[in-house]
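See below for the structure under consideration.
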Amino acid sequence: MQVAVTRKKNIFSPDPSRVIARFLQLNDERSADIIRQVLAMPETVVNTAMSQLLRGYSRRHRNISRIFENHFNKLAPIFDKIDVNEEELSLAQKALIGSYFTMEYSIESAAFFNPSAMEHPDQSELRTHEKRVIISFRATGEGHISSVVFRTGILDKNNNLSIEPVGKMLAEGDKIIQTVYVKKSFQEKLNEMQDHETVTPPTIIDNPDEMQDSENMIPSAVLDKKDKIQDPLKIISPAFILDQLGDNFTYEELTQRLDAAIKDPEITEDQVKIINKMLWMASAHYEIHFSIDSAISERVIFPISATEKKGIEDARFVKFTDDNGEITYYATYTAYDGMTILPKLICTTDFYNFKILPLNGEIARNKGMALFPRKINGKYAMLCRIDGVNNYIAYSNKINIWNDAKMIQQPKYPWELVQIGNAGSPIETKDGWLVITHAVGSMREYTLGASLYDLDNPEIEIGRLTEPLMGPNESEREGYVPNVIYSCGSIIHNGDLIIPYAMSDYSSTYATVDLKDLLNVLKTSPKINKK
């Protein structure tokens, strides 16, 4: 039995006019030459140049002069080399110098896809049967660097979506607060990275070019062979650094010790490997805070740490309710540094303040992890696909440590024989956990399916669609990656399942499905397994 799907007319397309100002990294020689030339300019030339800059860019960026100042401050090592005292420079000189090390980056010029929908924390000032929602997207720009962006809107009683005006003055996190580390935990994680007989480190990608289509990549490039692990750190202990730090230490304290160690003329090649791995691991934790005067559509979670410098990919957001009723919005995503992928977690309660941390443990090594919206039998629960083909479920006492998983679903039907995975977090219904799935079949066509699992024991599959819930139609199959529809998270409103989805890795839209009809079909579908 087919389930009726209603495709809506809203289209979310890439907008090249949405830009952020990024630091332009130049080599030391070129940087020093630019600084000298600016310092040689007469004051009138400096002031005129700044006036022209502000006239051209002040309406494109919030507080562009502050951005110039921040980028100027990044040049301190260059000033030390050319023997210039920054304190003696005028504000205009500093800002002008900073402008030469600033570039605009269009965050969504290439693609706007893989959406995830969630209920907005603010449900005030709405009519009956309306719901305010947040939709996250993977925005991709030049060089295929991906970031997380948001849109807000209101679903009416018929589940038509009205999108709020989209702001143009984009904002990155105003402040980055480095994490305080507990030495014992930090040491244990480094030990895990050495002991790769029991803990698998981040997945290594043989061919980075294959990552360009991210989650929609058939995972032949995913490796778990021990002979492929980078920097196995077998030879020496990191104690030569950690012994010099207190029981609790900050990122700054760690990097100071690492900087001092790397300059030691007697440092060994193996110690350099240790240092690089410690820096890589430490940079995976951070917090970002957005100004209260920024609209949510203006907030951009852009790659910050070394672990994600090539992209923050496919965030699966979920509204999580703890046992005490406290609500937190979590998102699992894939960090990509150009060679290695690392599953990570975003945490927020208000979408102004975000905490980012890596997911640790043996099964935290592949794409597509999706958190359940509440604990099950006292434990966090997560869907995952650790082998790149089948669906698994994992449980944990800690939200960021995942070590054991059990297979709960394998490809069965022709349209899913290549691989099957989740298309977002499970949705709780009276009849069970509803899981929207993505599947890959012949011609590498991506479709969406649905399965239903027992509420008390989600290892039991109650039912599963024997045909795709929806596949790419003629207008959706053309794009950056043809024949693909993909979603990272759905919600329920007014008796309908709301499915935001991407069309061929280029733009996005959404569809609705009558929830009762879908559940009835799932409950009467051929049984897959019994417990």
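The values are calculated or read from the model by the stated rules, or taken from the named source; none is laboratory data. In this text, all values refer to a predicted model and were calculated from it rather than measured experimentally. We place every Cβ from the backbone using ideal geometry, glycine too, and count neighbours over all the protein chains shown. For the accessible areas, the whole protein counts, side chains as well, though only heavy atoms, and no ligand, DNA or RNA atoms are used. Shrake-Rupley method; radii C 1.70, N 1.55, O 1.52, S 1.80 Å.
Free of Cβ contacts under 8 Å to residues at least 40 places away in the same chain, within 30 Å of Glu478 (Cα to Cα) and not hydrophobic (A, V, I, L, M, F, W, C), is that true of Gly449? Please lay out each step first, then the result.
On the way: free of Cβ contacts under 8 Å to residues at least 40 places away in the same chain: yes; within 30 Å of Glu478 (Cα to Cα): yes; not hydrophobic (A, V, I, L, M, F, W, C): yes.
It is true that Gly449 is free of Cβ contacts under 8 Å to residues at least 40 places away in the same chain, within 30 Å of Glu478 (Cα to Cα) and not hydrophobic (A, V, I, L, M, F, W, C).
Being surrounded by 24 or more Cβ atoms within 10 Å (Cβ to Cβ) and either under 23 Å from Thr321 (Cβ atoms) or basic (Lys, Arg) (or both) is the filter here; which residues of segment 434-449 pass it?
Matches in segment 434-449: Val435, Ile436.
Which condition number does Thr128 fail, the rest of (1) in contact with a Pro (Cβ under 7 Å, 6 or more places away or on another chain); (2) assigned to a loop (DSSP other than H, G, I, E, B); (3) among the hydroxyl-bearing types (Ser, Thr, Tyr) being met?
(1)
What is the number of the single condition among (1) open to solvent by less than 10 Å² (accessible area, probe 1.4 Å); (2) of a type outside the set (D, E, K, R); (3) more than 22 Å from Tyr333 (Cα to Cα) that Pro482 does not meet?
(1)
If I filter segment 383-396 for residues that are of a type in the set (D, E, K, R), assigned to a loop (DSSP other than H, G, I, E, B), out of contact with any strand residue (DSSP E or B) (no Cβ under 6 Å at 6 or more places or on another chain) and over 16 Å from Asn422 (Cα atoms), do I get at least one hit?
Checked segment 383-396: no residue is of a type in the set (D, E, K, R), assigned to a loop (DSSP other than H, G, I, E, B), out of contact with any strand residue (DSSP E or B) (no Cβ under 6 Å at 6 or more places or on another chain) and over 16 Å from Asn422 (Cα atoms).
Based on this model, can you work out whether Pro16 counts as out of contact with any His (no Cβ under 6 Å at 6 or more places or on another chain), part of a loop (DSSP other than H, G, I, E, B) and either open to solvent by 30 Å² or more (accessible area, probe 1.4 Å) or not acidic (Asp, Glu) (or both)?
yes
So which residues in segment 412-437 are part of a strand (DSSP E or B) and either of a type in the set (S, T, N, Q) or at pLDDT below 95 (or both), if there are any at all?
Gln419, Asn422, Thr429, Thr437
Pairs needed: first member in segment 263-274, closer than 15 Å to Ala239 by Cβ; second member anywhere, β-branched (Val, Ile, Thr); C-beta distance under 6 Å; at least 6 residues apart or different chains.
Close Cβ pairs (under 6 Å, with a partner that is β-branched (Val, Ile, Thr)) amount to Asp270/Ile235; Asp270/Ile236.
Specify the residue that is farthest from the chain's Cα centre (by Cα); the eligible residues are those in segment 485-506 that are of a type in the set (S, T, N, Q) and open to solvent by 10 Å² or more (accessible area, probe 1.4 Å).
Asn494
Can you say whether Ile97 is among the hydrophobic types (A, V, I, L, M, F, W, C), open to solvent by less than 40 Å² (accessible area, probe 1.4 Å) and touching a helix residue (DSSP H, G or I) at 6+ places or on another chain (Cβ under 8 Å), as far as the supplied structure shows?
yes
Identify, from the list Val182, Val149, Val133, the residue that is surrounded by fewer than 17 Cβ atoms within 10 Å (Cβ to Cβ) and among the β-branched types (Val, Ile, Thr).
Val182
All but one of (1) in a strand (DSSP E or B); (2) in contact with a Phe, Trp or Tyr (Cβ under 6 Å, 6 or more places away or on another chain) hold for Asp505, so report the exception by its number.
Of the numbered conditions (1) in a strand (DSSP E or B); (2) in contact with a Phe, Trp or Tyr (Cβ under 6 Å, 6 or more places away or on another chain), the odd one out for Asp505 is (1).
Select the strands (runs of 3 or more DSSP E) contained entirely in segment 162-263, then report the ones holding at least 1 residues which are touching a His at 6+ places or on another chain (Cβ under 6 Å), at pLDDT 50 or above and of a type outside the set (Phe, Trp, Tyr).
So the answer is 175-177.
Which residues, taken from segment 376-411, are at pLDDT 95 or above, closer than 24 Å to Ala439 by Cα and open to solvent by 60 Å² or more (accessible area, probe 1.4 Å)?
Tyr395, Lys406, Met407, Gln410
Just to be sure I understand the filter: pairs with C-beta atoms under 7 Å, separated by 6 or more residues or on different chains, first member in segment 106-131 and closer than 21 Å to Asn422 by Cβ, second member open to solvent by 40 Å² or more (accessible area, probe 1.4 Å) and part of a strand (DSSP E or B). Which pairs pass?
Hits for this filter: Met118/Lys319; Glu119/Lys319.
I'm checking my understanding of the structure. Among residues of segment 469-478 that are within 27 Å of the chain's Cα centre (by Cα) and open to solvent by 40 Å² or more (accessible area, probe 1.4 Å), which one is nearest to Ala4 (Cα to Cα)?
Here the answer is Arg477.
Can you name the residue in segment 60-100 that is of a type in the set (A, V, I, L, M, F, W, C) and part of a loop (DSSP other than H, G, I, E, B) and, of all such residues, is nearest to the chain's Cα centre (by Cα)?
First, the residues of segment 60-100 that are of a type in the set (A, V, I, L, M, F, W, C): 64, 67-68, 72, 75-76, 78-79, 82, 84, 89, 91-92, 95-97.
Within this subset, residues satisfying the condition of being part of a loop (DSSP other than H, G, I, E, B) are 75, 84, 89.
Numbers: Leu75: 29, Val84: 40, Leu89: 40 Å.
Among those that are of a type in the set (A, V, I, L, M, F, W, C) and part of a loop (DSSP other than H, G, I, E, B), it is Leu75.
Just to be sure I understand, how many residues within segment 450-464 are in a loop (DSSP other than H, G, I, E, B) and either open to solvent by less than 10 Å² (accessible area, probe 1.4 Å) or small (Gly, Ala, Ser) (or both)?
The qualifying residues number 1.
Counting only residues that are of a type in the set (Ser, Thr, Tyr) and touching a Gly at 6+ places or on another chain (Cβ under 7 Å), which one in segment 452-488 is farthest from Gln409 (Cα to Cα)?
Looking only at segment 452-488, we keep the residues that are of a type in the set (Ser, Thr, Tyr), and these are 453, 466, 475, 480, 486-487.
Checking the rest, the ones that are also touching a Gly at 6+ places or on another chain (Cβ under 7 Å) come to 453, 487.
Values: Tyr453: 11, Ser487: 19 Å.
Here the residue is Ser487.
What residue, among those in segment 101-111 that are open to solvent by 20 Å² or more (accessible area, probe 1.4 Å) and part of a strand (DSSP E or B), is nearest to Asn70 (Cα to Cα)? Before you say what the answer is, go through the steps one by one.
Pass one, segment 101-111, residues open to solvent by 20 Å² or more (accessible area, probe 1.4 Å): 102-104, 106, 109-110.
Filter once more, keeping what is part of a strand (DSSP E or B): 102-104, 106.
Numbers: Thr102: 10, Met103: 13, Glu104: 15, Ser106: 20 Å.
My answer is Thr102.
Any chance segment 382-403 includes a residue that's among the β-branched types (Val, Ile, Thr) and touching a Pro at 6+ places or on another chain (Cβ under 8 Å)?
Yes: one or more hits.
Name the pairs: first residue in segment 299-310 and in contact (Cβ under 8 Å) with a residue 24 or more places away in the chain, second residue open to solvent by 10 Å² or more (accessible area, probe 1.4 Å) and of a type in the set (D, E, K, R), Cβ to Cβ under 7 Å, at least 6 apart or on different chains?
Close Cβ pairs (under 7 Å, with a partner that is open to solvent by 10 Å² or more (accessible area, probe 1.4 Å) and of a type in the set (D, E, K, R)) amount to Val300/Glu172; Phe302/Glu172; Pro303/Lys309; Ala306/Asp337; Thr307/Asp337; Glu308/Asp337; Lys309/Asp337; Lys310/Asp337.
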